[in-house]
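The values are calculated or read from the model by the stated rules, or taken from the named source; none is laboratory data. Model, not experiment: these values are computed from the prediction. Please note: Cβ atoms are built from the backbone with ideal geometry, for glycine as well, and neighbour counts cover all protein chains shown. Please note that ligands, DNA and RNA were not included when accessible areas were found on the heavy atoms of the full protein model with its side chains. Shrake-Rupley method; radii C 1.70, N 1.55, O 1.52, S 1.80 Å.
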Amino acid sequence: MKHIAVIDYGMGNLRSVQKAIEHVASAVRVTVTSDADEIRQADSVVFPGQGAISGCLAALQKHELRETVLEVTRHKPFLGICLGLQALFEFSEEGGGTPALGLLPGCARLFPPERMRDAVSGRALKVPHMGWNQVHQVHAHPLWTGIAQDAHFYFVHSYYVECSDSRYIAGETVYGLRFTAAAAHENLFALQCHPEKSQKAGLQLLRNFVAWDGSI
């Protein structure tokens, strides 16, 4: 039986992620775990999270999981969700600048108040960006299989990813400005949105992840 490990480092609605994956793949064993050995032995790994990047990285260090995360990103199908996307980049503006895991080029920035206007109506946009928005698929990827172009996904975030190399951008969303909503590199795929809360499109993406062997 295929085993998917959801990394538990004390941040994020992990049970929702677990239940969503179990819903789309009843024959798969899904565990929420902070055990490094169990994460290493899993077939695929999910790295969810919400809140502050500084808290995320501190929690990884506290649970002695930072090196485990870096290790499994090298060779296992790996799905980052929300903070699990931002943490893969080089740093975040949060707290005056917080170094992250440095696996992808770019950073997480706070939505700038002066640019938070709807392009059509001109109305002010609230931060955090919360609710449904479209994700435009920039290039084909196995995890986009069966998902319509510009499908709606659910977002909750105040910081957005600015990827400095377009080769890694798998999806984009517009909210006051255009930002990286999904990033991909080899066996890594990560989303700013929450597939576990995104109904049909999100469940299809999780279904695709369960079947994915990490190749493109």
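Listed values, structure above:
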read-out	value
Selection count, segment 77-97, where residues are open to solvent by 20 Å² or more (accessible area, probe 1.4 Å) and not acidic (Asp, Glu)	4
Residue selected from segment 112-135 under the condition open to solvent by less than 80 Å² (accessible area, probe 1.4 Å) and in contact with a Gly (Cβ under 6 Å, 6 or more places away or on another chain), by the criterion nearest to VAL17 (Cα to Cα)	VAL135
Failed item, numbered, when ALA5 is tested on (1) without any contact (Cβ under 8 Å) to a residue 40 or more places away in the chain; (2) of a type in the set (A, V, I, L, M, F, W, C); (3) open to solvent by less than 10 Å² (accessible area, probe 1.4 Å)	(1)
Close pairs (7 angstrom Cβ cut-off, 6 or more residues apart or separate chains): in contact (Cβ under 8 Å) with a residue 12 or more places away in the chain in segment 92-105, loosely packed, with under 12 Cβ neighbours inside 10 Å anywhere	PRO105/ASP165
Tally of residues being surrounded by fewer than 22 Cβ atoms within 10 Å (Cβ to Cβ) and touching a helix residue (DSSP H, G or I) at 6+ places or on another chain (Cβ under 8 Å) across segment 183-200	2
Within segment 12-33, considering residues that are surrounded by fewer than 20 Cβ atoms within 10 Å (Cβ to Cβ) and part of a loop (DSSP other than H, G, I, E, B), the one modelled with the lowest pLDDT	ASN13
Residue within segment 47-54 that is open to solvent by 10 Å² or more (accessible area, probe 1.4 Å) and touching a strand residue (DSSP E or B) at 6+ places or on another chain (Cβ under 8 Å) present	yes
Any hit, segment 36-44, residues being modelled with pLDDT of 95 or more, within 19 Å of the chain's Cα centre (by Cα) and part of a loop (DSSP other than H, G, I, E, B)	yes
Residues of segment 87-123 classified as touching a Cys at 6+ places or on another chain (Cβ under 8 Å) and not hydrophobic (A, V, I, L, M, F, W, C), total	5
